[in-house]
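> I'd like to ask some things about the structure below.
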Amino acid sequence: MKKKIFITLLLIAVLLVVAYSLFRISGSRDFQFYGGLVTKAETTDKVVALTFDDGPTDNTDEILSILKEEDVKATFFVTGREVKENFEEAQKLAKSGHELGNHSYSHKRMVLKTPTFIKNEIEKTDELIRKAGYKGPIPFRPPYGKKLIGLPRYLDKHDRKTILWNLEPDSYPEIASDSEKIVKHVNEKIEPGSIILLHVMYGSREESLESVKGIIKDLKAKGYSFQTVSEMLK
């Protein structure tokens, strides 16, 4: 009896260790089981990519106005659902000369999902991005940066990389609450080839939106130029 209890507890412990390990791997910035994983460009040139997740929403005009004023091209990782719901805003992005990336259709974590779910999430969003008028390359970024086996395998089969980031200032509550702190964080951590992640599409992200101009001005003053993700990875 004691032996059976011991074996049961041991199996539970092993399963917990395996589950925790898979959880850590799913969010890893430097490892995945299949295909290419990008957190920054391997370059010594002073170039960076400014990327925005989610949307499009009513904030589209404001962020496009800032980028136009600063003469900067960025990459917008949009969700299919929001493209469908805000199609005119998506068309504005497509006409703006910026890059549109795929951030899934529903923004659900794409871990432990069926191949059909993964295929539909990506292909529905690709189709909507094309319908909005965008003709350039469509990089892919997983929601929450989560990936495990099925998603990287799909991307690898279709010759696409998993695009993550190496700077995410507005993901830290103590930084995200103040646009000046966001600007300072980026200015201190920036390096050639950095991919900067910001969320500017929602009203709750006002500080992030306000930080964009400061980030651009500070990095330009340090000699950096801005490219889309696909341009920087060529």
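> From the list GLU231, GLU168, GLU207, exactly one residue is among the acidic types (Asp, Glu) and more than 17 Å from the chain's Cα centre (by Cα). Which is it?
GLU207
> Okay, moving on. In the list GLY193, GLY150, which residue meets the criterion of being more than 24 Å from LYS95 (Cα to Cα), touching a residue at least 40 places away in the same chain (Cβ under 8 Å) and out of contact with any strand residue (DSSP E or B) (no Cβ under 6 Å at 6 or more places or on another chain)? Please lay out each step first, then the result.
Working: GLY193 fails: out of contact with any strand residue (DSSP E or B) (no Cβ under 6 Å at 6 or more places or on another chain).
Answer to the selection: GLY150.
> Let me ask something else about it. Residues to consider are ILE118, ILE182; find the one that is among the β-branched types (Val, Ile, Thr), more than 23 Å from ALA49 (Cβ to Cβ), touching a helix residue (DSSP H, G or I) at 6+ places or on another chain (Cβ under 7 Å) and at pLDDT 95 or above.
After applying the criteria, what remains is ILE118.
> Now for a separate question. Of (1) surrounded by fewer than 17 Cβ atoms within 10 Å (Cβ to Cβ); (2) of a type in the set (S, T, N, Q); (3) farther than 18 Å from GLY214 by Cα, ASN102 satisfies all except one. Which?
(1)
> Only one residue in LEU50, LEU15 is surrounded by 15 or more Cβ atoms within 10 Å (Cβ to Cβ) and either modelled with pLDDT of 95 or more or over 18 Å from VAL229 (Cβ atoms) (or both), so which one is that?
After ruling out the rest, the residue left standing is LEU50.
> Also: Inside the stretch 122-153, can you point out the residues that are hydroxyl-bearing (Ser, Thr, Tyr) and either surrounded by 21 or more Cβ atoms within 10 Å (Cβ to Cβ) or closer than 18 Å to LYS40 by Cβ (or both)?
Start the filter on the stretch 122-153 by keeping residues that are hydroxyl-bearing (Ser, Thr, Tyr), which leaves 125, 134, 144.
The answer is THR125, TYR134.
> Now for a separate question. Looking at the stretch 178-234 only, could you name the residues that are out of contact with any Gly (no Cβ under 7 Å at 6 or more places or on another chain), more than 22 Å from PHE140 (Cβ to Cβ) and either of a type in the set (Val, Ile, Thr) or part of a strand (DSSP E or B) (or both)?
If the condition is that a residue be out of contact with any Gly (no Cβ under 7 Å at 6 or more places or on another chain), more than 22 Å from PHE140 (Cβ to Cβ) and either of a type in the set (Val, Ile, Thr) or part of a strand (DSSP E or B) (or both), then ILE182, VAL186, ILE190, VAL212, ILE215, ILE216, SER225 are the ones that fit.
> Okay, moving on. Pick from the stretch 30-89 the residues that are within 18 Å of the chain's Cα centre (by Cα) and of a type in the set (Lys, Arg): which of them is nearest to SER194 (Cα to Cα)?
Once the filter is applied, the top-ranked residue is LYS40.
The values are calculated or read from the model by the stated rules, or taken from the named source; none is laboratory data. Note that the coordinates shown come from a computational prediction; the quantities given were computed from them, not determined experimentally. Note that we place each Cβ from the backbone using ideal geometry, even for glycine, and neighbour counts take in every protein chain shown.
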